[in-house]
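**Q** Input: one structure, supplied below.
The values are calculated or read from the model by the stated rules, or taken from the named source; none is laboratory data. None of the values given here were measured: they were computed from a predicted structure. When we count neighbours, we look across all protein chains shown, and the Cβ atoms used for this are built from the backbone with ideal geometry, even at glycine. These accessible areas exclude ligands, DNA and RNA; they are computed on the full protein's heavy atoms, side chains included. Shrake-Rupley method; radii C 1.70, N 1.55, O 1.52, S 1.80 Å.
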Amino acid sequence: TGRNPTDRGKLGVKRSVLIDGRGVPLGATVDGANVHDQKLVEATLDSVPVERPQPTAARPQHLCLDKGYVGEPVERAVRDRGYTPHLPAKSNQPPKPKRRRGKARRWKVERTHSWINRARRLLVRWEKKVANYVGLLRLQFALVAFRTAGVLG
C-alpha cells in the first residue's frame, strides 16, 4: 500500500556521503529519498568542514562515482572543484578495455554506509527536524573516524 512509486512518492531520507581513501566520512548531505543523486553532488562536495589541500599534478585528488552520477553537469561540478572524476561508461558507449591497475574502490563507500548504519537511530529516521538528524549523523561520523584511526576499539 502507499503512494505509487512511479510518481516519485518515495518516503524516507537519502544520505550522500563523501569519504577519503580509507573510508573515513568527510562530509554528507541529507535530502528526501525521492531526490536524484545528481542533484546532491555539489552540496556533498561543499559539505566538507575542513579546508582540503589543493590538488597538484603530482598529487591529484580522485573522485570515484557510480553510474547514478554519469552526466555532463556532474562531471563539470566535480572538475570545477579540482577533483579528477572516475565515472563508468554510459550505457550507449562501447565499454573501455578492462585493465586492473589496482584495487576496486567502490566497496569503501558501501562499507562506510554499513558503519554508519550501526547506529540504529540513523538507520530509520525518527527525527522530524533535519538539523537533529544531521547532528546524529556527524556524531556517528566522528565515531567511525576514531575507530578507523584505531583510537576506539
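**Q** Go through 108/128; 67/108; 14/90; 14/67; 39/128; 39/90 and tell me which ones have a Cα-Cα distance over 27 Å in this structure. Numbers along the way, then the final one.
**A** On the way: 108/128 30 Å; 67/108 16 Å; 14/90 24 Å; 14/67 17 Å; 39/128 22 Å; 39/90 18 Å.
Too far apart for the 27 Å limit: 108/128.
**Q** Using amide H atoms built 1.01 Å from N in the peptide plane, name the residues 5+ places from residue 33, or on other chains, whose amide H lies under 5 Å from its own.
**A** Amide H to amide H, under 5 Å and 5 or more residues apart or across chains, residue 33 pairs with 12, 13, 14.
**Q** So with the 1.4 Å probe, I'd like the accessible area per residue for the stretch 24-87, rounded to whole Å².
**A** Working: 3820 Å² over 64 residues.
Per residue, the stretch 24-87 has 60 Å² of solvent-accessible surface.
**Q** Taking H placed 1.01 Å from N in the peptide plane, check which residues at least 5 places from residue 19 or on another chain put their amide H under 5 Å from its amide H.
**A** HN-HN under 5 Å from residue 19: 26.
**Q** Taking the Cα-to-Cβ direction at residue 119 and at residue 43 and moving 7 Å from each Cα, how far apart do the two end points lie in nm?
**A** Going from the residue 119 label point to the residue 43 one covers 1.9 nm.
**Q** Normalized C-alpha radius of gyration of the stretch 110-153, against 2.2 N^0.38 Å? Show your work: numbers first, answer last.
**A** Values: Rg = 11.0 Å, N = 44, 2.2 N^0.38 = 9.3 Å.
Rg over 2.2 N^0.38 Å, computed on Cα atoms: 1.18.
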